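Note sheet for the following structure.
The values are calculated or read from the model by the stated rules, or taken from the named source; none is laboratory data. Computed from a prediction, not measured in an experiment: that's the story for all the values here. No Cβ is skipped: glycine too gets one built from the backbone with ideal geometry, and neighbour counts run over all protein chains shown. These area figures cover heavy atoms from the full protein model, side chains too; ligands, DNA and RNA do not enter into them. Shrake-Rupley method; radii C 1.70, N 1.55, O 1.52, S 1.80 Å.
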Amino acid sequence: MDELRASVGTIRQAPSDNGTVALVVRRPDKNQREVLDEGHFDQAEGLAGDTWRLRQSSFTPDGAPHPDTQLTVMGVRAIGAISPDETRWPLAGDQLFVDLDLTYANLPPGTRLQIGEAVLEVTEQLHTGCGKFVERFGLDAMKWVNSPEGRELNLRGIYAKVVTPGRIRPGDTITKVAALVP
């Protein structure tokens, strides 16, 4: 836990704009991950070939996939602190791993991000560590990402949805294009 907490200074130095995509990861089936050279994102599927639209959701009354949980985005500085082995990062289950300040102060719900050809919108759903996250990265990692400081920094990441379809590739720049006012 001390090692995780010691990484907070580095995490706080993530760029607030003009971040970059490190990984695009598709979940083609339960407990499977594919690291992609390019992902196609659209409003119906999220990431093409990902299982989001087939997964039950506790956020909807009928268990259907919630449109505001279409994509998950995690910061590379946080996952790097949890697991220095980059080959394990896809196990977190997120579709995008980015070097960007994911805090609520920097990316409140409604913020739109131009990434490659696509535009994503940050949603208000909270992304937290779960049982699978504990199995893969340990109890301390979950406690850290769900701690008050972890929630402030969105260490577990954020949810987003596709507004404008397009391709996203590792190395693409992430730019804030708008923040919708509720």
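Return the residues of segment 19-32 that are charged (D, E, K, R) and closer than 23 Å to residue 146 by Cβ; say none if nothing qualifies.
Selection gives 27 alone.
Quick one: in segment 56-86, which of the residues that are farther than 17 Å from residue 137 by Cβ and among the acidic types (Asp, Glu) is least open to solvent (accessible area, probe 1.4 Å)?
Only one residue tops the list, namely 68.
In segment 1-15, what count of residues is obtained for those that are open to solvent by 30 Å² or more (accessible area, probe 1.4 Å) and within 20 Å of residue 72 (Cβ to Cβ)? Talk me through it step by step, then tell me what you get.
Residues of segment 1-15 open to solvent by 30 Å² or more (accessible area, probe 1.4 Å): 1-3, 5-6, 9-10, 12-13, 15.
Then keep just the ones that are within 20 Å of residue 72 (Cβ to Cβ); that gives 15.
Within segment 1-15, residues that are open to solvent by 30 Å² or more (accessible area, probe 1.4 Å) and within 20 Å of residue 72 (Cβ to Cβ) number 1.
Exactly one condition in (1) of a type in the set (S, T, N, Q); (2) closer than 26 Å to residue 147 by Cα; (3) without any contact (Cβ under 8 Å) to a residue 12 or more places away in the chain is not met by residue 16; state its number.
For residue 16, the exception is condition (3).
Cβ-Cβ under 7 Å, sequence separation 6+ or interchain: first residue in segment 58-73 and closer than 21 Å to residue 19 by Cβ, partner at pLDDT 80 or above and among the basic types (Lys, Arg). Which pairs?
70/161; 71/161
Of the conditions (1) assigned to a loop (DSSP other than H, G, I, E, B); (2) closer than 20 Å to residue 171 by Cβ, residue 98 clears all except one; give me its number.
(1)
Considering only residues of segment 45-71 that are at pLDDT 75 or above, in a loop (DSSP other than H, G, I, E, B) and under 15 Å from residue 160 (Cβ atoms), which is farthest from the chain's Cα centre (by Cα)?
Taking the candidates together, the pick is 45.
Please report, ordered by residue number, the strands (runs of 3 or more DSSP E) entirely within segment 116-182 with at least 1 residues that are open to solvent by 40 Å² or more (accessible area, probe 1.4 Å) and either under 21 Å from residue 26 (Cβ atoms) or out of contact with any Ser or Thr (no Cβ under 8 Å at 6 or more places or on another chain) (or both). Can you show your working first?
On the way: elements: 118-122, 158-164, 166-168, 173-179.
Because the criterion is at least 1 residues that are open to solvent by 40 Å² or more (accessible area, probe 1.4 Å) and either under 21 Å from residue 26 (Cβ atoms) or out of contact with any Ser or Thr (no Cβ under 8 Å at 6 or more places or on another chain) (or both), the strands (runs of 3 or more DSSP E) in segment 116-182 that meet it are 158-164, 166-168, 173-179.
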